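Every number here is computed from the coordinates shown, using simple stated rules; none is lab data. Since the model is a prediction, treat every value here as computed from it, not as a measurement. Positions of Cβ are generated from backbone atoms using ideal geometry, with glycine treated the same way; all protein chains shown enter the neighbour counts.
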């Protein structure tokens, strides 16, 4: 029974908006600080990989975006489940706020992966890499959810429909990843990967971990930015919001 | 610092164009992700404020008692 | 409410509604010939187009056959799915279904199973024809047919989720494709993999088991998502 | 009506509590309160676009986007779920008739999916095949569909299709009838039959909620005028105060 008050208060957009305003600057600055620090560390201070040379430094932006993009899809589906089970309006908005951020991160992971591929394999896109292929499918999953949002004229129903699709996608993602793995091993027994587990030296790993944590923080800040926008868009006519707007834009 | 000079850092032993384009791309996208919702948010708030003010003025005209309450 | 007689009636009512909807939809399908014939004609037509694009070289055709068959079957079933709930939505029978006191889960299962039967079975029966057109050895045909039948079940059940969430929208067809095609990735991988294994003479146990497992999961889980989607589509 | 049992030996009650519904930027209805007892009918009146259909869909549970609650015998219809739906017979704008099937087939599947099961019909076995067939014949006869009973509905006129939909009311053991414009496309004879059925249903202690532009003769029909529950025009949310 401890304290469920916070959970119920989450249902109040007014309280949420005020809280988000408080958290946003901290999350954003902390995240950017960590990310910029980790990237500078990885770019300038870590010795180059003995096989790939300096191109491996792309890893410090590719891996964090890929990791967070996948986690974001799960976060979206969890928010969708909460919205459906407890009929919580805010969870709908969280879900809708995550989608564009997750899609953009997936896009970044794809682009940086392709750029990394050129010096490593001599081609921008190599289908044998199971993880990049799965990433591409994840990108399509995001686009599907976003297309559904846009197709509904009614905001609430669009959110709910997208939640159903996101949940179905979540169940499917592990199967997709496994099947793509199976597929790539079928066609290319000697799998080529960017990073072999053993090949990563710990001095290369430390900035990577920092970059991943930093990206999570930046991701959270970006979701908050989108969420504030969602709240304002869907609570457009309520009295408290008019008050909030007049205070904010004094 | 691993590199000897800034030029070497920029060149990255021939991989500079790949590394910097990947990073440049990333920062552009991340920057857009921050700016786009921020701009739209400000615009929406402005719209809400304007329409609220319009309603207030409409309500304020009939009697002075109402407007006194509103100012508080 | 929890009267023993009522509990018994609940168990009966699951199968009663599954059976009623299954029978009703099969009847409707058989009276509208297009429902089961059109996807098949579509598949044959597109296979012909592929052959015309690739060229008459039998070797080259055979090496692409697995992919062609599966992509085409997948598209055919996906296109037929747009109509799965649309006519029910338009004539008001979907409302009646959602307002039934009996479990929606089983009604949906009956409905999608009927669709699977009328799209999967013709594909199964026509698989020797596909093999003939694309130069696949006859010895593989039973596996091709089995794979197509299992696969079309997964395609029907998973695809129905997309049909359910788009049934109230004007722009159904293309949107279903955007939502559903990414979810079809495992089916095409294991379906085409099954054929490839068979052609290489390897044991097909792994892809066959994966397809069957996916089918079981789809039959059990998809109706939940379909039901949620239908309720949302009705709620306006 | 020898096949019809009393709808319920217990008193039934439908409460609409403080219903408030918005569509887009517009308040469709607010402060809708009403309490209906068994044996009473409620006719929802109002101009076009006043939310009559929406209110019926809210009562039936198809539409969930509103605030306030709807109670059946004191319990929320949302919580009751299937228990409430087992008491509900709904007829919407679309007749819910499959064009490829004959009237008799349409009534059969409807009886299987939405009709009362043995448990809710008070111990009498409706599943009994002979009696079910008898009931079907009666339903078809009541609405003059006997000679068309084996013609696919696609070949029937709009009015005849509506009659197939209305024939369900004969099969229905449901206490609550929610009917959206039941008289649409129905001829004069049909109107008489339908009004007769309404009277019988109300006499047996049933309940009807409907919309119609047809004048009704029954004095058991109350009226709820949605025009009185519309938000005041102008302003956002009626009156705004800071």
Given labels modelled 7 Å from the Cα in the Cβ direction, how far is it in nm from residue C:206 to residue C:138?
3.1
Can you tell me the 0 to 90 degree angle between the C-alpha axis of helix D:158-171 and the longest principal axis of chain D, rounded to 10?
80
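Please give the peptides D:217-228, A:129-140, B:18-29 ranked by average Cβ packing (other Cβ atoms within 10 Å per residue), highest first, as a rough proxy for protection. Spell out each step's value before the answer.
Working: D:217-228: 13.4, A:129-140: 20.8, B:18-29: 17.1.
The most tightly packed comes first, giving A:129-140, B:18-29, D:217-228.
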For chain D, what is the relative contact order in percent, using Cα pairs closer than 8 Å and at least 6 residues apart in sequence?
31
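Could you tell me the calculated FRET efficiency between residue A:249 and residue C:71, based on Cβ-Cβ distance and R0 = 56 angstrom, to the nearest 0.05? Write out the running numbers ahead of the final one.
Working: r = 54 Å, r/R0 = 0.96.
It comes out at approximately 0.55.
Calculate how many DSSP beta bridges within chain D are antiparallel, expressed in % of all such bridges and rounded to the nearest 5. Could the numbers behind the result be given before it?
Working: 15 of 33 bridges.
Of all bridge pairs located within chain D, approximately 45 percent are antiparallel.
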Value at 222 nm in deg cm²/dmol, rounded to 500, when DSSP H runs of n ≥ 4 in the protein assembly as shown each add -39,500 (n - 2.57)
-22500 deg cm²/dmol
Given contacts defined as C-alpha pairs under 8 Å and at least six residues apart, what's the relative contact order of the range D:26-97, whole-number percent?
18
Among D:155, A:237, what is the fewest-to-most ranking by other Cβ atoms within 10 Å?
D:155, A:237
Can you tell me the orientation of helix C:185-200 relative to chain C, as the angle in degrees between its alpha-carbon axis and the longest Cα principal axis, to the nearest 10?
40
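What is the average number of partner chain Cβ atoms found within 10 Å of a Cβ in A:34-45?
Details: counts 0, 3, 1, 0, 0, 3, 0, 0, 0, 7, 5, 3.
The mean count of partner-chain Cβ atoms within 10 Å per residue comes to 2.
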Where in the range D:44-77 does the label zone of residue D:214 land, with the point 7 angstrom along Cα→C-beta and an amide N cut-off under 20 Å?
D:44-48, D:52-54, D:56-57
Indicate, rounded to the nearest 5 percent, the antiparallel portion of the DSSP beta bridges found entirely in the protein assembly as shown.
45
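What list do you get for D:153, D:89 if you sort them by fewest beta carbons within 10 Å?
D:153, D:89
Kindly put A:181, D:187 in sequence by how many other C-beta atoms sit within 10 Å of each C-beta, fewest to most. Can you show the working numbers first?
Details: A:181 16, D:187 11.
Listing A:181, D:187 from fewest to most nearby Cβ atoms yields D:187, A:181.
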Can you work out the PRE-style zone for residue A:74? Point 7 Å along Cα to Cβ, and I want the residues of the range C:147-183 with backbone N under 19 Å.
none
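Which whole-number percentage describes the relative contact order of the range C:4-234, with Cα contacts under 8 Å and a sequence gap of 6 or more?
Normalised by residue count, the contact order of the range C:4-234 is 26 percent.
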Label residue B:42 and residue D:155 with points 7 Å out from Cα along Cα→Cβ: what is the distance between them in nm?
7.0
So, in nm, how far is label residue A:81 from label residue A:36 when the simple model puts each one 7 Å beyond its Cα toward the Cβ?
3.8
Compute the helix-to-body angle for C:104-134: its Cα long axis versus the longest principal axis of chain C, expressed 0 to 90° and rounded to tens.
10
Cα centroids of the range A:7-75 and the range C:61-79: how far apart, whole angstrom?
41
Taking springs between alpha-carbon atoms closer than 10 angstrom, which of D:59, D:164, D:191 fluctuates most in the Gaussian network model of chain D?
D:191
